[in-house]
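One structure is given here, and the rest of the page talks about it.
The values are calculated or read from the model by the stated rules, or taken from the named source; none is laboratory data. On a predicted model such as this, the values are computed, not experimentally measured, just so you know. Here the Cβ is made from the backbone with ideal geometry for all residues, glycine too, and neighbour counts use every protein chain on show. Accessible surface is based on the protein model in full, side chains and every heavy atom, while ligands, DNA and RNA are left aside. Shrake-Rupley method; radii C 1.70, N 1.55, O 1.52, S 1.80 Å.
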Amino acid sequence: MKIVIVGAVAGGASAAARARRLDESAEIVLIERGPDPSFANCGMPYYIGGEIASRDKLLVAPIELLRDRLKLDVRVRQSVERIDRGRKRISVLDLETDREYVESFDKLILSPGAAPIRPPIPGVDSSRVYTLRNLADADKIHSAVGESQRAVVVGGGFIGVEMVENLVRRGIQTTLVERNPQVLGPWDPEMVAPLAKVMRDAGAGLRLGDEVTAIEDGPSAATLTLKSGGSLEAGVVILAIGVRPESDLASDAGLAVGQRGGIVVSPSMQTSDPDIYAVGDAVQTTSAITGKPAQAPLAGPANRQGRIAADHIFGREVGFRGVQGTAVVGCFESTAAMTGLSEKACRAEAIEYDKVCIHPASHAGYYPGAEPFSLKLLFAPTDGRVLGAQAVGGAGVDKRIDVLATAIQAGLSVYDLEEAELCYAPQYGSAKDPVNMAGFVAAGVLRGDQRQVHADAIGDEPLVLDVRSPAEHKAGALPRAVNIPIEELRERLDEVPADRPVVAYCKVGIRGYLATRLLAQHGRDASNLSGGYSSWSQHQEAQRLAAGG
Ligand code: FAD
């Protein structure tokens, strides 16, 4: 068996290592266009920022290790130019000698990744404009920021946000320009609205809802013209507006490619030619939730797909389950993580959903160092199946989203979340973990124990009842809110009309829930504001940002 693998980083190197573990006798050729196989793309922003001090740390599995430990025929600085499917061979260009040669294969695995998108902006080819895909890019940016005081990052996705954090960490005056009125597009706007403040407080400039329309090179800096009419100066411009699957090699060979450019593959990662597999950022996979075509340029799927391709070549019955888009990103002292569908994805796909928002602490409040975060859970209103979750804030965000990602893959419902047995000691969590709490609230909604209203749907009719303390009320309240602290509500029931709906709220939704239970038992038509004043404030902030704030 001779396996040839194109691309020697996340998906390709995983496939090669797995193939070797399954068959000592296979000939495994790993061909990489760049100078380094198996490097840590995900660590590059932190190398540029200085958090990872040594570049060598990014070389996860150096060539010698791949050759000596795994007996792989690793060829770097070689580019696969064409696939001859009929003769089962590829043409390879040796970039050192500029000579082309032919290599045969029994099975071919494509893992060529995705290339950064370069928009057709005038001046985009300026030498001050960089994209970040490989170590050579990282090296260039690393040295360029050493010589510059100002940087602009274009695009507020994962890589853009990470680059802003790391450039600020290097002491560079950095501005992020993002077309949408929010960073991190896959999240719902109110969930990531607090990150705008986090970034500004850390010293980054933020131009949301704006676009770079032209770049003009100057002797010491480039001038970027903005759609809003303003301009920015920068010695370094990082383009991070997304990636495009590198599928030309596949499409030129007549392999099926999807509408968004991803190579079409089966669950066993076979392309439309059963002897050719494709994995990683270059492929079109399916959403594990909707079953529709999806692209997920993430390291986890690429690694798992590489492993699956190798397994399948050696006759194992395996199948990729599709992607959920489980992701996490750091943004200064905050973390944002999500899995599954967002609310806007549910709407776009016309999927029926309900949601709850809670604002728990990372661990027991009485133990020092607890950090707050916001958690939004989306679920099917029929059977409570978990559809998606997002969390933003301090410590513990990643762990809750990982639990919920597993819940989604297992097809669990909010009733299962109520029963999830999760580890607990005060410095790590709470006896009722935030995952349990989200389950309690969502299951309460479905059982009818807990009527709730969302911040974006209060309407004009209800009495808005603030059940927090007078001091909390004074510090900031919903418009037209009447303040009756929860402790006084029983005595002051006659102030709550029986002929009008009531929306009760507190800071995060717990006292509001108590109030609605109390009021309902006294014949009032009462609902709780989900996530309380905290969620309402997040919505207000998202609206302010959408309006250009
Ligand atoms: P890659 O790892 O990109 O490897 C493809 C390789 O194929 C490239 O080295 C390329 O040179 C080579 N190649 C392409 N065409 C040819 C050819 N014709 N001949 C020979 N070689 C070829 N994901 C996360 O999940 N979490 C993160 O925190 C995260 N951070 C990231 C940060 C950055 C800066 C970047 C760029 C990506 C990040 N990712 C992250 C995404 C993750 O790195 C990718 O999803 C993953 O590497 C994809 O694996 P792959 O094998 O498909 O492609």
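Kindly evaluate TYR367 against the criterion of being modelled with pLDDT of 95 or more, more than 16 Å from the chain's Cα centre (by Cα) and not in a loop (DSSP other than H, G, I, E, B). Judged against the criteria, TYR367 is not a match. Residues in the range 403-419 that are touching a Gly at 6+ places or on another chain (Cβ under 7 Å) and open to solvent by less than 60 Å² (accessible area, probe 1.4 Å) were compared, and the one that is nearest to ALA389 (Cα to Cα) is ILE408. Scanning the range 164-221 for residues that are at positive phi and either open to solvent by 20 Å² or more (accessible area, probe 1.4 Å) or among the charged types (D, E, K, R) (or both) yields GLY171, GLY203, GLY209. Among all residues of the range 50-66, there is none that is away from the ligand (no atom under 11 Å from the Cβ), polar (S, T, N, Q) and at pLDDT 95 or above.
Every listed requirement among (1) open to solvent by less than 30 Å² (accessible area, probe 1.4 Å); (2) in a helix (DSSP H, G or I) is met by PRO112 save one, (2).
Within the range 126-138, the set of residues being polar (S, T, N, Q) and open to solvent by less than 30 Å² (accessible area, probe 1.4 Å) comprises SER126, THR131. Please specify each residue of the range 47-62 satisfying the condition of being of a type in the set (D, E, K, R) and assigned to a loop (DSSP other than H, G, I, E, B). If the condition is that a residue be of a type in the set (D, E, K, R) and assigned to a loop (DSSP other than H, G, I, E, B), then GLU51 is the only one that fits. The residue that is nearest to ARG400 (Cα to Cα), among those in the range 297-312 that are in contact with a strand residue (DSSP E or B) (Cβ under 8 Å, 6 or more places away or on another chain) and open to solvent by 20 Å² or more (accessible area, probe 1.4 Å), is LEU298. Of all the residues in the range 310-329, those that are in a helix (DSSP H, G or I) and either within 11 Å of the ligand (Cβ to nearest atom) or aromatic (Phe, Trp, Tyr) (or both) number 0. Looking only at residues of the range 25-46 that are part of a loop (DSSP other than H, G, I, E, B) and within 13 Å of the ligand (Cβ to nearest atom), we find that the one that is nearest to ALA13 (Cα to Cα) is SER38. Taking first residues from the range 276-302 that are under 28 Å from ILE90 (Cβ atoms) and partners that are among the aromatic types (Phe, Trp, Tyr) and more than 9 Å from the ligand (Cβ to nearest atom), the Cβ contacts under 7 Å between residues at least 6 apart in sequence or on separate chains come to THR285/PHE320. Whether a residue is modelled with pLDDT under 95 and within 15 Å of the ligand (Cβ to nearest atom) was assessed, and VAL154 does not pass this test.
Remark: THR339 matches the filter, which requires a residue to be of a type outside the set (A, V, I, L, M, F, W, C) and part of a strand (DSSP E or B). Select from the range 289-303 the residues that are within 11 Å of the ligand (Cβ to nearest atom) and not in a loop (DSSP other than H, G, I, E, B) and list them in ascending order. Once the filter is applied, which keeps residues that are within 11 Å of the ligand (Cβ to nearest atom) and not in a loop (DSSP other than H, G, I, E, B), the range 289-303 yields ALA299, GLY300, PRO301, ALA302, ASN303.
Consider the range 439-466. How many of its residues are in contact (Cβ under 8 Å) with a residue 60 or more places away in the chain, in contact with a helix residue (DSSP H, G or I) (Cβ under 6 Å, 6 or more places away or on another chain) and hydrophobic (A, V, I, L, M, F, W, C)? Count: 2.
Could you please find all residues in the range 139-163 being part of a helix (DSSP H, G or I), under 21 Å from SER220 (Cα atoms) and either open to solvent by less than 10 Å² (accessible area, probe 1.4 Å) or among the charged types (D, E, K, R) (or both)? Selection gives ASP139, LYS140, ILE141, VAL145. Residues that are over 27 Å from ASN303 (Cβ atoms), open to solvent by 80 Å² or more (accessible area, probe 1.4 Å) and in a loop (DSSP other than H, G, I, E, B) within the range 66-104 comprise ARG87, GLU96, ASP98, listed in sequence order.
Would you please name the residue that is farthest from the ligand (Cβ to nearest atom), looking only at residues in the range 236-265 that are loosely packed, with under 15 Cβ neighbours inside 10 Å and under 15 Å from ALA294 (Cβ atoms)? Checking each candidate, the answer is GLN259. Collect the residues in the range 328-356 that are open to solvent by 20 Å² or more (accessible area, probe 1.4 Å), touching a residue at least 24 places away in the same chain (Cβ under 8 Å) and of a type in the set (A, V, I, L, M, F, W, C), keeping them in residue-number order. Passing the criteria: VAL328, PHE332, ALA345, ILE351.
Of the residues contained in the range 420-429, none is found to be in contact with a strand residue (DSSP E or B) (Cβ under 8 Å, 6 or more places away or on another chain) and open to solvent by 20 Å² or more (accessible area, probe 1.4 Å).
Taking the range 430-452 as the range and being buried (at least 22 other Cβ atoms within 10 Å of the Cβ) and over 27 Å from the mean Cα position of the chain (by Cα) as the test, the residues that pass are GLN450, GLN452. Out of LYS107, LYS2, one residue alone is buried (at least 22 other Cβ atoms within 10 Å of the Cβ) and basic (Lys, Arg). It is LYS107.
Tell me which of these ASP125 doesn't satisfy, since it passes every other one: (1) acidic (Asp, Glu); (2) part of a loop (DSSP other than H, G, I, E, B); (3) within 14 Å of the ligand (Cβ to nearest atom). For ASP125, the failing item is (3).
Checking LEU514, LEU518 one by one, the residue that is surrounded by fewer than 18 Cβ atoms within 10 Å (Cβ to Cβ) and modelled with pLDDT of 95 or more is LEU514 and no other.
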